[in-house]
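Only one structure is covered here, and it is reproduced in the block below.
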Amino acid sequence: MPTFDLKDVDVRELNQALHDEASAGAEFKIINPNGKHSVAVGAMYSTQIDIEGHVGYYCAGMNQQATVTVHGNAGSGCAENMTSGQVRVKGNASQYCGATAHGGLLVVEGDTAARCGISMKGVDIVIGGSVGNMSAFMAQSGHLVICGDAGEALGDSMYEARIYVGGEVASLGADCIEKPIKSEHEAELKELLGQAGIDAGDISRFRRYGSARKLYNFNIDHAGEY
């Protein structure tokens, strides 16, 4: 297994190696990240990348096919704009985690800060803890599962994404409403938690949220909500 020590290797050199030396099934280990930014950005191929420690901004951004595991905490923008594969943070993640992500699975076993899943476009995000304010703002598609609590303005101006929350919601954003959980939604929630490897206990405590679809087109009667 190739090991990259970021005390000695530049992040640009690491990321280039993940393109040039990677192949399906390859495994890489990264040690001493020490909060450096853009670690494992743009990783391609079905590779396994283990990062031993805390990372800074944009770790695993634009991920394609790779499985990236951060054995620590992640700074802002983790897995931003990922398209496929899996990114897992064993600790906590900072703000706009999974922003604009198009696909794949993002798992944060701890908590995330504000704007988790902002403008998500098809990614599945599972948070073992709680999320901050404005999470899933303008979410377009995909799923956001929050096992803990959600901050203010959850799902503000969202489109067709589905949000499941196991704890308390401080407030809902514009055009976000609670929706009933049917058997199909319970099955979907179980599948997402299973894929994430998170035991959330009794799933009957979860509630589902989505778009009221009042803001799809401008309507003067709803002008105050825009």
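Where a number appears in this text, it was derived from the coordinates with a stated rule and is not lab data. If you're wondering where the values come from, they're calculated on a predicted model, not measured in any experiment. Neighbour counts run over all protein chains shown; Cβ positions are idealised from the backbone, glycine included.
Structure notes:
- The Rg/Rh ratio of the stretch 95-226, with Rg taken over Cα atoms and Rh as the Kirkwood radius over Cα pairs, comes to 0.96.
- Packing order of peptides 189-199, 54-64, highest average first: 54-64, 189-199 (average count of other Cβ atoms within 10 Å over each peptide's residues).
- Within-15-Å neighbourhood charge of Asp20 [Cβ basis; K, R +1; D, E -1]: -2
- By the beta-carbon count within 10 Å of each Cβ, the least crowded to most crowded order of Ile127, Ile118, Ile51, Ile181, fewest first, is Ile181, Ile118, Ile51, Ile127.
- For the stretch 104-226: relative contact order, % (alpha-carbon pairs under 8 angstrom, 6 or more apart): 20 percent
- Cα long-axis angle, helix 183-196 against the chain (0 to 90 degrees, to the nearest 10): 20 degrees
- For the stretch 1-57 and the stretch 150-168, distance of Cα centres in Å: 33 Å
- Taking the empirical scaling 2.2 N^0.38 Å for compact globular proteins as reference, the chain has a Cα radius of gyration ratio of 1.03.
- When peptides 130-138, 10-18 are sorted by average Cβ neighbour count within 10 Å, with the highest value leading, the order is 130-138, 10-18.
- Taking the charge dipole of the stretch 95-226 about its Cα centre, with +1 at Lys and Arg Cβ atoms and -1 at Asp and Glu Cβ atoms, the residue from Gly110, Gly98, Val131 reaching farthest to the positive side is Gly98.
- The shape of the stretch 31-139 comes out oblate: with a ≥ b ≥ c from the C-alpha gyration tensor, a/c is at least 1.5 while a/b does not beat b/c.
- Cβ crowding within 10 Å, taken as a proxy for footprinting-reagent exposure, orders Asp50, Asp202 from fewest neighbours to most as Asp202, Asp50.
- The count of lysine pairs in the chain whose Cα atoms are under 29 Å apart, excluding pairs fewer than 8 places apart on the same chain, comes to 16.
- Exposure proxy for Tyr209, Tyr45: other Cβ atoms within 10 Å of each Cβ, ordered fewest to most, give Tyr45, Tyr209.
- The chain - charge dipole about Cα centre, Lys and Arg +1 at Cβ, Asp and Glu -1, debye rounded to 20: 280 debye
- Given charges at beta-carbon only (K, R positive; D, E negative), |dipole| of the stretch 94-177 in Debye: 220 debye
- Relative contact order for the chain, counting Cα pairs under 8 Å that sit 6 or more residues apart, in percent: 10 percent
- Cα-based helix-to-principal-axis angle, 11-20 vs the chain, degrees rounded to 10: 90 degrees
- Between Glu13 and Thr83, the modelled labels are 2.9 nm apart [label points 7 Å from Cα along Cα→Cβ].
- Column: log10 I(q)/I(0), Debye, Cα scatterers of the stretch 1-70, q = 0.26, 0.28 Å⁻¹: -1.24, -1.46
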